[in-house]
Structure formats: C-alpha cells, structure tokens
Amino acid sequence: MLNYEPMKQNVYDYSFEMRRERKRKITFTLTLSLSVILGLTLFLNIFLFPVHVKSDSMESDIARNSAVFVTPLIKTPHRGDVIYLSREDNLKLSWYSVVVNKVVAFFTAQQYEPIGYTKKMSGKNSVRRVLALPGDTVYMQDYVLYIKPKGESHFLTEFEMCSKPYNIHIYSVPVEWDGLGPSSNMEEITLGKDEYFVLGDNRNNSEDSRYQSIGLINKKQIKGKVWFKLSFGDFGIVN
C-alpha cells in the first residue's frame, strides 16, 4: 500500500489578488526604506552632518572624542565662529581622486575620504575657531590674539572683538620646552582677501594658523560652521 503525503500549498500559488497585494507591500517597503536612506543621506550632506573630534585642540569647550554637528550651508564665518576645515596641507589630487573622495564622503556623511589619507594633523579635516577676518591685522602675546580690523587704528583682544564668550585653555610649560609646540607670541601680520586666521582653544596643543606649514586659511577650505556639540555629560550650542 502506497502512502501519499499531502502537498503543502502556498496560498499565494492560487490567489492572484493575494500575490498582487504581497507585491504591493514589498514594493512599498523597499520604496520607503530607500526613500528614508536617501533622505537621511541628503540631509546629512546638505543641512547638518556629524563630525567626530579626535583631538584635544578645542578643549575645554569641545573635548576629545566629542561629536559636533556641522552645517555646510554657512561657509562665510563671523568672528568667533567654530568652523570645520578641509585638510590644511593643500595636497593636490587628480580629478579622479577628487571625484572618488567626494562620492565616498557623500555616502559617509563627510566622515571619510580614502585617497590622500595621512596620519599627519595637517592632512586631516579639523575644527578650529575663526578669530581674524580678511583685512584684519593681528599679533599674539602670551597666547592671546590682538586684532585691528581694516580701517581701525587700535588693537583689541580677541575676547573684546568676539560677541560670543568662549574659553581658552592655557597651561605653563617648562622653560626647556621653549620653541617646541605652538608659539605663545607672534609678530604682526595682515590678512588678505578671503584669508582667515584660526586658532584652537587649547592654545598649548593646537596646530593652527600659528604654524608656517598651515598659515592663514583660505575661504575655499571652510566646509561649514559647527552648531552643536555632544559628548558624555555635555551637549549644547557651540559658541
């Protein structure tokens, strides 16, 4: 005697209406998922994107391993603004390398550019504070920047010139360290068109416009303005 096992049938095998409904649901789910991914990607590239701060150059206001949120819509900063800068070594890449970097940066919310990567600080994007604008004349004494805007006759300190308060981090270094690291004093210089002078708030440990290898920042290097910060136990608007 032969034993026959009943065949298992799928309800979708004989119901055209149910197959069509299932197809509609799958299409809707895929379309919604792709729309959310695309919308989020566009938002993170056009309006606001996160940046991981890996150095202590902006302490104490922005600590190492903080996340800051940058808007690329603002690329003409005001005095005192904290900005996100492209690499400062002015490395020249081929058009192909530039395209690849832009595509990868787009899909990683501006977090990674594979070609031209280096461990040197000057070869990385960075977060710094704009203190002098095109046409300003500046000098530094004891880590404090003195600024004379174009057309003015007197110098004022950076704190008098900036409308928003901020903190700078300064600590004493041993005498034998003199000449090592960022300088505490600087001779007068005058900024040209589209040139900006940037500093880290941690004046003893920041690669910024004081270094000859970096110097004044061109407007083309500004990728956006930092709006918010987020770290363990600290979050808020960046002054």
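The values are calculated or read from the model by the stated rules, or taken from the named source; none is laboratory data. All values derive from a computational prediction rather than experimental measurement. As a convention, Cβ positions derive from the backbone with ideal geometry for all residues, glycine included, and neighbour counts pool all protein chains shown. Heavy atoms of the whole protein, side chains included, go into the accessibility calculation; ligands, DNA and RNA do not. Shrake-Rupley method; radii C 1.70, N 1.55, O 1.52, S 1.80 Å.
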Relative packing of 152-162, 24-34, 197-207, 75-85, which averages over residues the other C-beta atoms within 10 Å, highest first: 197-207, 75-85, 152-162, 24-34
Tell me, Kirkwood radius of the range 188-239 from alpha-carbon pair distances, in Å? 13.2
Compute the Cα gyration tensor for the range 125-239, then decide on rounded, prolate or oblate, letting a ≥ b ≥ c be the square roots of its eigenvalues: rounded whenever a/c is under 1.5, prolate when a/b is larger than b/c in the other cases, and oblate in all that remain. rounded
Top to bottom by accessible area (1.4 Å), largest first, where do Lys124, Lys229 land? Lys124, Lys229
